[in-house]
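Worksheet: one structure, shown below.
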Amino acid sequence: LYSYATRGNTNRFNDTIANELHDPNARVQLLSRRSPQNNTFVHIAVSSGHVELAAKILQEHKPLLLDKNFEGDTALHIAAKAEDIDTTTNTLLREARGTTNIENNADVLTLLRMKNNEENTALHEALIQGHQLVAKCLIEADPAVSLYTNKEQKSPLYLAAEQGLVEIVKLIKEKAVEKDTEIQGKSPLFAAILGRQKKEVLKIISNMEANILNSEDEKGRTPLHCAASIGYLEGVRFLGRRLKDSHRKDHYGNFPIHCASSKGHVDIVKELLRHCPDSMELRNSSDQNILHVAARCGEENLVKYFLKKVEFQMLINQKDNRGNTPLHLAKMYHHPKVVHLFILDRRINFKVLNDRGMTALGISESTLETSASYHGVIPAVKEEPNGVIQLYSSEKNARDSSSLPELDQILVEPGMETKRTTAAAVQIQQHTAIATAWWLIYRLVNCLEYPKTWLEETRSMLMIVATMISTSTFQAAVNPPGGVWQENNTNSSAGGTTYCTQNNICLAGTSVAGSAFPKEFLAFVTFNTISFLASLSVNLLLVGGFPLRNRVIMWLLSMAMCLTLTSMALTFLQASLLVVPNTDILVSHGVRSRKSAVLVWIALLLTIASIHTIRLIIWLSRKLWGRFKHKFPKSLRKVVDSLVDSSRARHRTNKF
């Protein structure tokens, strides 16, 4: 019966039921049997697209229509998900009705409102799959189900708005939404905004807004917050007229204009200010204005726009609840381009102090509260009352300007319009040479750092090269230079030396060159074997499931490739000596060129091996230094820390 239901063989299915079981109770019992996944014969027939057989089974035993499988799906859920859906759905609804009696219509409503394990109705499933014809049929049969919510608190109206199905949205509004109807769950207006749907959908949904219970999402954001955050200009234009929404905070204390500023949406900010000009003065829960937010998130284009417009100049030197100006935040979260924009603006007051008593000149990566590993490592810059610029660590100890990081170098470049005495200029000049030396060491260490993804990006290329080398070395082993003896030979000589005799038979299949020049051929085989095994080792490391970002694995791969290529070069040279007719001529005329080539190759090989070994040593040094540095004197720790911790702090903002 399972096989007949899968193939849609209606006649054989009916004949089997009729011939084998004459007792109606036994027939019902058999039709009620379930598959391992709790599917009935109706589920199986509908999922296979055999609607006529499903109708015949329901005529024999109608309660199967309401039975669920292991996912909680009824046959109608399966029909809503399937491809040949229109006919199947109508057939199931017809069988559910049976007649036009009111009592039978109750079965239809029960079927339409049944939910699966995800709490989706058949209408949910139809809209998720994009089957508009089925959705229309189900809405016509029971309009109320259009507002039922699933586990994600999404109603069919929400799904239709999200996909921009204008006809479905209109039909639900006409059939299901009345004056006193309550639309629960997530607001369909959010769905239209997130789906970036056309203005027509937004208009229809906004006309139902009085019926929507939840005008905010779980984070307290309005649709205007959402449109501003994702940069949906048409949505902001449509919603921007609502002044009350422009002045509403979410649970994180942000207004819509702050959401737009954090993502750098210049057009959105302009549109919000056009509808509500005073929103430029709004501050979030951290008492930050829109320039604070743009600077903190590193939105260079938006900061540039604010600095160009005169109306925003009141925001430039404002403080947040921790006393930080926008320049403080840009420096603190390491956005050099934004810092550079502020430095070029003459309206910036570089002497503004935050709550920690630090100017923007005094902010360094060590002040990043989000990265404790930088505490006490990178020096700060402060201007003394007498005008002398001094460097400080987090312990307030004076430090040499040689440890000045790159971002601080930007802040003390010539041309910055702050008052400095001659003493300050002289002190900076005295330390120029030392600062340059430290900067070169810092750059060298960074250049020798392992690139983060180079091995993953070149993995396939490495595997191809290693495989080709393995193939060529294998071929050289089975088909050596000079060929092999085609038959047993007992009388062959070369250069006045007989090497095939009755006592020393040259067997068929063995190397000709190996019989004539055994020492040279042994060297050839040795180099070839090393190259073969080294290339196989590279392949093994690449396919062995080892973490490719592990520094030791990267070093092993690099050394294996160096060994592979060197052995292959030596194999080539040895093969050349074996096959050239007059070896003495080759040696006498090619000594100088061969020596030059070998020296160049050795130099290149040593350079590459040294770089990779130094990289490994740097990595090991940092690991060991982080574990044992507390055992060293404090003065030595300060010197080494400036080299070991050369990373930069990074700030990642959360997406909407």
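The values are calculated or read from the model by the stated rules, or taken from the named source; none is laboratory data. Quick caveat: nothing in here was measured; it's all calculated off a predicted structure. Positions of Cβ are backbone-derived with ideal geometry, glycine not excepted, and every protein chain shown enters the neighbour counts.
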If I filter the range 624-656 down to residues being closer than 30 Å to Ala560 by Cβ and loosely packed, with under 12 Cβ neighbours inside 10 Å, which single residue comes out as modelled with the highest pLDDT? Leu624
Quick one: is Leu557 more than 30 Å from Gly514 (Cβ to Cβ) and modelled with pLDDT of 65 or more? yes
Given the residues Ala126, Ala176, which is the only one that is in contact with a Pro (Cβ under 9 Å, 6 or more places away or on another chain) and buried (at least 24 other Cβ atoms within 10 Å of the Cβ)? Ala126
Looking at the range 221-261 only, could you name the residues that are among the β-branched types (Val, Ile, Thr) and either part of a loop (DSSP other than H, G, I, E, B) or surrounded by 24 or more Cβ atoms within 10 Å (Cβ to Cβ) (or both)? Thr222, Val236, Ile257
From the list Arg296, Arg322, exactly one residue is crowded, with 17+ Cβ neighbours inside 10 Å, under 23 Å from His340 (Cα atoms) and either of a type in the set (D, E, K, R) or at pLDDT below 90 (or both). Which is it? Arg296
Within the range 13-32, is even one residue in a loop (DSSP other than H, G, I, E, B) and under 22 Å from Val108 (Cβ atoms)? yes
Report whether or not Val169 is out of contact with any Lys or Arg (no Cβ under 8 Å at 6 or more places or on another chain) and crowded, with 18+ Cβ neighbours inside 10 Å. yes
Members of the range 342-362 found to be surrounded by fewer than 22 Cβ atoms within 10 Å (Cβ to Cβ) and closer than 25 Å to Pro277 by Cα, listed by number: Asp345, Arg347, Ile348
Qualifying positions in the range 119-139 - touching a residue at least 40 places away in the same chain (Cβ under 8 Å), over 12 Å from Leu76 (Cα atoms) and not in a helix (DSSP H, G or I): Gln129, His131
In this structure, is Val46 under 12 Å from Ile78 (Cα atoms), at pLDDT below 85, buried (at least 19 other Cβ atoms within 10 Å of the Cβ) and in the same structural domain as Asn116 (by the TED database)? no
Helices (runs of 4 or more DSSP H) within the range 269-362 that include 1 or more residues within 16 Å of Ile257 (Cβ to Cβ) and free of Cβ contacts under 8 Å to residues at least 40 places away in the same chain: 290-296, 300-308, 326-332
Members of the range 217-268 that are without any contact (Cβ under 8 Å) to a residue 60 or more places away in the chain and among the aliphatic types (A, V, I, L, M): Leu224, Ala227, Ala228, Leu233, Val236, Leu239, Leu243, Ile257, Ala260, Val266, Ile268
Looking only at the range 505-545, which residues are exposed (fewer than 14 other Cβ atoms within 10 Å of the Cβ) and more than 18 Å from Ser567 (Cα to Cα)? Leu507, Ala508, Gly509, Pro518, Leu540, Val543, Gly544, Gly545
For the range 63-83, give me each residue that is closer than 13 Å to Ser48 by Cα and assigned to a loop (DSSP other than H, G, I, E, B). Ala82, Glu83
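The rows are residues; the columns are (1) of a type in the set (Phe, Trp, Tyr); (2) surrounded by 19 or more Cβ atoms within 10 Å (Cβ to Cβ); (3) more than 24 Å from Glu119 (Cα to Cα).
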| site | (1), (2), (3) |
| --- | --- |
| Val28 | no, no, yes |
| Leu31 | no, yes, yes |
| Phe41 | yes, yes, no |
| His50 | no, yes, yes |
| Glu71 | no, no, no |
| His77 | no, yes, no |
For the range 299-314, enumerate the residues that are more than 10 Å from Leu341 (Cβ to Cβ) and buried (at least 16 other Cβ atoms within 10 Å of the Cβ). Glu299, Leu302, Tyr305, Phe312
Can you find even one residue in the range 172-185 that is without any contact (Cβ under 8 Å) to a residue 40 or more places away in the chain, outside any loop (DSSP other than H, G, I, E, B) and farther than 30 Å from Leu233 by Cα? yes
Looking at (1) in a helix (DSSP H, G or I); (2) within 32 Å of the chain's Cα centre (by Cα), which is the only condition Lys203 fails? (2)
Criterion violated by Ala210 - all others in (1) under 30 Å from Glu178 (Cβ atoms); (2) in contact (Cβ under 8 Å) with a residue 24 or more places away in the chain; (3) of a type in the set (A, V, I, L, M, F, W, C) satisfied: (2)
